[in-house]
Every structure is written in C-alpha cells, then in structure tokens.
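Contents: one structure, followed by commentary.
The values are calculated or read from the model by the stated rules, or taken from the named source; none is laboratory data. Here the structure is a predicted model, which means the values were calculated and not measured. Because the Cβ atoms are built from the backbone with ideal geometry, glycine has one as well, and the counts that use them run over all protein chains shown. Just the protein is used for accessible areas: all its heavy atoms, side chains included, with ligands, DNA and RNA removed. Shrake-Rupley method; radii C 1.70, N 1.55, O 1.52, S 1.80 Å.
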Amino acid sequence: MTLHGTDAHTGLPGLPPLVRRALDAARELSFPYSCRPEQGRLLQVLAGGVGGAGGAGGRIGETGTGVGVGLAWLASGARAGVRVFSVEREPERARAAAEVFRDRPDTTVVHGDWQDIAAYGPFELLVLDGGGQGKLPGDPAADVERLLVPGGTVVVDDFTPSDRWPPRFGGDVDRARLHWLEHPALRAVEVR
C-alpha cells in the first residue's frame, strides 16, 4: 500500500489498458493507496517470467488487491496460460476489483483473509502486500515453503528503507525484515 500511489499514475503515457481501468475504479472509490507506477512496472516484468518455456501454465498470487492496480500490472505482464489470483479483505474493494477483471478468465479476485490465497497455490510468483508479511501482531509471515513452487519468487511490499544492519524500524530491530532477508529457504535481496 502506497500513499498517493493512485495519483502517481496521473498523466503517465503508455499505461496498459487494464491498469487504466483499475486506476479508474480506484479513483471512483477514492482509494489513494495503489502501488506506484515503478512498483507496477517491476510487477509486470516479474509476471512475464512466470510460466516456463512457452508460457504454459504457472500461477501468480497476490494478497491485498486493493482495487486492483497492482493486480492489473501483474495480469498485464503475465503470459498466456498463466493464472493470476488475488485476495482482498474489504468487500467493497474486492467487488470493484472483480469488476475490473470481469472479462479476464485468467484472473480471479477473492474476498477474504490473506491466508485464503493458499487455496490457489503453489505459486511461481507471490506478492505479499495485504497480509503475510509478518509485520503486525497477529499477522504471521506467509509460509513460503508451502506457498511457492521450488525456485518461486516472493515479493514483500511496504518496508521502510533502512541503511543500517541490522535494519531498524521505529527505533527497534526490524524483525519482519530480518525474517525475510535471513529466511533459510530464500535467496533475498532488498530493492528500494
């Protein structure tokens, strides 16, 4: 979730039509927290790598649909035959996002808790933006060994930049970030 992310797309040329449709829905609901365009382009590129040779099969998952802007970037980058799934906890946003993707049988928006994404995996690419990051009390970190195929990629969004080790947030060691950067099943890199 990015404050003013929806507005950051204003006036940008060359946006995929599906992204424009999701932005219109976000504006209609006065939802300002869409991903920023540079985040969206990264998601689009990562989605293009899902599906193996020839793009046959493959699954992408996302938690925290919002109104579907990040999901639209993912779906715009996905190859033919790749299925894209997203879970949103707020019913009005889930309905609006489902409407954005109404003519995309390869893209499914589900209203529910972030943990409901497990029913659609395992994934080659999993974007954790609305739960599963392990940053808040009562929100456990996603079990990537269960949710990802071997060699899969997880993107964990919304960490505040830190330029020291160990990373800190709010004056304390950032335990959630350490979880991901030191996870024994992952090769991790932080992209600012």
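Restricting attention to segment 136-156, which residues are modelled with pLDDT of 85 or more and in a loop (DSSP other than H, G, I, E, B)?
Taking segment 136-156 and keeping what is modelled with pLDDT of 85 or more, we get 140-156.
Passing the criteria: Pro140, Ala141, Ala142, Asp143.
Out of all the residues in segment 1-14, which are surrounded by fewer than 16 Cβ atoms within 10 Å (Cβ to Cβ) and in a loop (DSSP other than H, G, I, E, B)? Can you show your working first?
Residues of segment 1-14 that are surrounded by fewer than 16 Cβ atoms within 10 Å (Cβ to Cβ), as a first pass: 1, 3-4, 7, 10-14.
Answer for segment 1-14, where residues must be surrounded by fewer than 16 Cβ atoms within 10 Å (Cβ to Cβ) and in a loop (DSSP other than H, G, I, E, B): Met1, Leu3, His4, Thr10, Gly11, Leu12, Pro13, Gly14.
Do we find that Val84 is touching a residue at least 40 places away in the same chain (Cβ under 8 Å) and either buried (at least 24 other Cβ atoms within 10 Å of the Cβ) or over 15 Å from the mean Cα position of the chain (by Cα) (or both) in this structure?
Details: touching a residue at least 40 places away in the same chain (Cβ under 8 Å): no; either buried (at least 24 other Cβ atoms within 10 Å of the Cβ) or over 15 Å from the mean Cα position of the chain (by Cα) (or both): yes.
Taking the combined requirement at face value, the residue does not satisfy it.
Is it true that Val110 is in a loop (DSSP other than H, G, I, E, B), at negative phi, open to solvent by less than 80 Å² (accessible area, probe 1.4 Å) and modelled with pLDDT of 95 or more? Before you say what the answer is, go through the steps one by one.
Working: in a loop (DSSP other than H, G, I, E, B): no; at negative phi: yes; open to solvent by less than 80 Å² (accessible area, probe 1.4 Å): yes; modelled with pLDDT of 95 or more: yes.
So Val110 does not fit the description; no.
Within segment 151-180, take every residue that is of a type in the set (A, V, I, L, M) and within 17 Å of Leu125 (Cα to Cα) and give me the one that is surrounded by the fewest Cβ atoms within 10 Å (Cβ to Cβ). Give the derivation first.
Of the residues in segment 151-180, the ones of a type in the set (A, V, I, L, M) are 154-156, 173, 176, 178.
This time we only want the ones that are within 17 Å of Leu125 (Cα to Cα), so: 154-156.
Details: Val154: 21, Val155: 17, Val156: 24.
Among residues in segment 151-180 that are of a type in the set (A, V, I, L, M) and within 17 Å of Leu125 (Cα to Cα), the one surrounded by the fewest Cβ atoms within 10 Å (Cβ to Cβ) is Val155.
Restricting to segment 163-192, and then to whatever is farther than 27 Å from Leu148 by Cα and assigned to a loop (DSSP other than H, G, I, E, B), can you tell me which residue is modelled with the highest pLDDT?
Trp165
Which residues, taken from segment 114-131, are open to solvent by 10 Å² or more (accessible area, probe 1.4 Å), touching a Leu at 6+ places or on another chain (Cβ under 8 Å) and not aromatic (Phe, Trp, Tyr)?
Result: Ala118, Gly121, Pro122, Glu124.
Which of the following residues is in contact with a helix residue (DSSP H, G or I) (Cβ under 8 Å, 6 or more places away or on another chain) and among the basic types (Lys, Arg): Arg102, Arg41? Show your work before the answer.
Values: Arg102 fails: in contact with a helix residue (DSSP H, G or I) (Cβ under 8 Å, 6 or more places away or on another chain).
Result of the check over Arg102, Arg41: Arg41.
Regarding Val69, is this residue buried (at least 21 other Cβ atoms within 10 Å of the Cβ), under 25 Å from Phe159 (Cα atoms) and either touching a strand residue (DSSP E or B) at 6+ places or on another chain (Cβ under 9 Å) or modelled with pLDDT of 95 or more (or both)? So that I can check it myself, show each step before the final result.
Details: buried (at least 21 other Cβ atoms within 10 Å of the Cβ): yes; under 25 Å from Phe159 (Cα atoms): yes; either touching a strand residue (DSSP E or B) at 6+ places or on another chain (Cβ under 9 Å) or modelled with pLDDT of 95 or more (or both): yes.
Yes.
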